[in-house]
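Trainee: Below are the structure tokens for one structure; questions will follow.
The values are calculated or read from the model by the stated rules, or taken from the named source; none is laboratory data. Everything quoted here is computed from the prediction, not taken from an experiment. In this analysis, Cβ positions are derived from the backbone assuming ideal geometry, glycine residues included, and neighbour counts consider all displayed protein chains. When the accessible area is computed, the model is the full protein with side chains, heavy atoms only, and any ligands, DNA or RNA have been set aside. Shrake-Rupley method; radii C 1.70, N 1.55, O 1.52, S 1.80 Å.
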Amino acid sequence: MLVPLALGGQTMAAEPPVTTVTTIGMIADVASEVGGECADVSAIMGPGVDPHLYQASARDVATLQQAEQIFYSGYSLEGQLGEVLSRFAEITPTVAVAPSSIDTASLITVQDVYGIDPHLWMDVSLWSRIIPTLVDAFVEARPDCEADIRANAEAYNSQLEALHGWIEASIATIPEEQRILVTAHDAFNYYGRAYDIEVAGIQGISTETETGVADIRRMTQVVIERDVPAVFIESTINPRTVQAVIDAAREKGHAVEIGGQLYSDAMGEAGTAGGTYIGMLHANTRHIVEALGGELAPLPAPLEAWAERWEVPAS
């Protein structure tokens with residue numbers, strides 16, 4: 001609905017927020033922060049949804065048809081939805097934010113059908129590089145909002161810089177011999193590289209691959225040899241493979257616990273701290289640090305407003 005504005009004795013109509021559809025929540029939340037009141041942002045994939053396995057529904061197609069602009073991650077993360085997005089790119093401004101924002105020298109290559117590990121949001125310093133791409137798209141769609149959009153982007157980028165430093169400082173408190181993150185699948189390689197923690201996934205990059213007995217045995221041996229105190233389940237993956245490793249390790253006399261549920265390919269429920277990008281990484285880091293014997297660093301000043309809003313302890 002157009003809102004009338006008085007200007008120089010004339011009545012003008014302010015444009016409504018740009019209708020923006022994203023695939024994953026990790027894009028949608030950043031886009032919402034950048035676009036502010038000038039953007040109406042929604043995500044097709046909600047909490048607990050695995051983008052690797054996702055198939056577009058008739059409702060998704062209808063939602064995409066109503067979009068003025070579409071953002072997706074890219075590097076095959078969205079699986080079969082990629083074909084649908086390619087078709088929409090012919091009629092609607094559609095941006096693969098990861099390839100458009102992050103130079104190839106910063107990517108992790110893998111020896112599978114992906115070629116590139118698509119889980120870039122696990123490194124906050126990398127994911128923050130999508131902000132200028134979003135700014136350009138929003139400004140092009142709503143040029144009258146440029147000042148507000150750029151101000152939003154600057155403020156949010158400061159928060160992400162603070163988050164990156166906080167994660168780095170918190171992970172560094174984990175005793176070096178215990179600094180190994182065992183998860184259900186290889187979604188945390190960027191996290192491991194950025195924050196200096198070894199990562200071991202039971203499955204590969206994609207959850208489309210089946211976990212075999214050999215994978216369970218291999219990870220059980222790692223857990224025993226490294227004296228790993230805790231392993232982690234993920235919100236988008238059945239915990240049975242992680243439980244199989246725990247059971248196998250206990251049969252061999254090594255006690256290992258579930259250190260918590262991590263957000264990997266999706267954020268938490270809307271209306272919760274975990275339903276924000278900052279909250280997703282904050283919750284993951286809290287679980288990892290506490291389960292592996294570290295101590296959380298105090299939250300830096302730029303994150304205090306976020307913590308107050310979501311009632312998250314500052315230390």
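Trainee: Quick one: with all protein chains in place, what share of the accessible area of the chain is carbon or sulfur, to the nearest percent (1.4 Å probe)? Walk me through the numbers before you get to the answer.
Mentor: On the way: 7070 of 14420 Å².
Accessible surface attributable to carbon and sulfur in the chain totals 49 percent.
Trainee: At 7 Å along Cα-to-Cβ for each site, give me the label-to-label distance between K252 and E269 in nm.
Mentor: It is 3.8 nm.
Trainee: With every protein chain kept in place and ligands, DNA and RNA left out, what is the accessible area per residue of the stretch 59-144? Probe 1.4 Å, answer in Å². Walk me through the numbers on the way to the answer.
Mentor: Details: 3920 Å² over 86 residues.
For the stretch 59-144, the per-residue accessible area is 46 Å².
Trainee: Non-local amide H neighbours of A14 (under 5 Å, H modeled in plane, Pro and chain starts lacking H): which ones?
Mentor: V3, L5
Trainee: Using amide H atoms built 1.01 Å from N in the peptide plane, name the residues 5+ places from Q203, or on other chains, whose amide H lies under 5 Å from its own.
Mentor: Residues meeting the criterion, in which the H sits 1.01 Å from N, are H185, D186.
Trainee: Give the range of the longest stretch in the chain that excludes all trypsin sites (Lys or Arg not before Pro) found in loop regions by DSSP and having at most 16 other beta-carbon atoms within 10 Å.
Mentor: 1-225
Trainee: Once amide H atoms are built 1.01 Å from N in the peptide plane, which residues 5 or more positions from T22, or in another chain, come under 5 Å H to H?
Mentor: Hits under the 5 Å cutoff: S42, A43, I44, F71.
Trainee: Taking a virtual spin label 7 Å from the Cα of D103 along the C-beta vector, which residues in the stretch 129-172 bring their backbone nitrogen under 14 Å of it?
Mentor: Within reach of a label on D103, which here means backbone N under 14 Å from a point 7 Å along Cα→Cβ, the stretch 129-172 contributes 129.
Trainee: What ³J(HN,Hα) values, in whole Hz, does the Karplus curve 6.51 cos²θ - 1.76 cosθ + 1.60 give for the stretch 269-275 when θ = phi - 60°, with x put for Gly and Pro?
Mentor: 5, 4, x, 10, 4, x, x
Trainee: How far is it, in nm, from the label point at E154 to the one at Q55 when both lie 7 Å from their Cα along the line to the Cβ?
Mentor: 4.8
Trainee: Between the DSSP loop rule and a limit of at most 11 other Cβ atoms within 10 Å, which GluC sites (Glu not before Pro) in the stretch 24-97 are left?
Mentor: Those that pass, being in a loop and sparsely packed, are E90.
Trainee: Which of the GluC sites (Glu not before Pro) across the stretch 180-279 are loop residues per DSSP, with 16 or fewer other Cβ within 10 Å?
Mentor: E208, E210, E269
Trainee: Where both partners of a DSSP beta bridge lie in the chain, what percent of those bridges are antiparallel, to the nearest 5? The partial results should precede the final answer.
Mentor: Values: 6 of 26 bridges.
Of the beta bridges lying entirely in the chain, close to 25 percent run antiparallel.
Trainee: Of the listed values (1) -0.36, -0.92; (2) -0.47, -1.03; (3) -0.30, -0.82, grab the one calculated as log10 I(q)/I(0) by the Debye sum over Cα atoms at q = 0.07, 0.12 Å⁻¹ from the structure here.
Mentor: Recomputing log10 I(q)/I(0) by the Debye sum over Cα atoms at q = 0.07, 0.12 Å⁻¹ here gives the entry labelled (3).
Trainee: Which FRET efficiency value, to the nearest 0.05, do you get for Q80 and R217 by plugging their Cβ-Cβ distance into 1/(1 + (r/R0)^6) with R0 = 30 Å?
Mentor: Details: r = 32 Å, r/R0 = 1.05.
That pair, Q80 with R217, gives E of 0.40.
Trainee: Right, here's the next one. Using a Förster radius of 35 Å, what is the FRET efficiency between A89 and R309 based on their Cβ-Cβ separation? Nearest 0.05, please.
Mentor: The calculated FRET efficiency here is 0.50.
Trainee: Starting at the first residue of the stretch 233-241, write each ³J(HN,Hα) from the Karplus equation 6.51 cos²θ - 1.76 cosθ + 1.60 with θ = phi - 60°, in whole Hz, x for Gly and Pro.
Mentor: 8, 10, 5, 10, 10, 4, x, 5, 5
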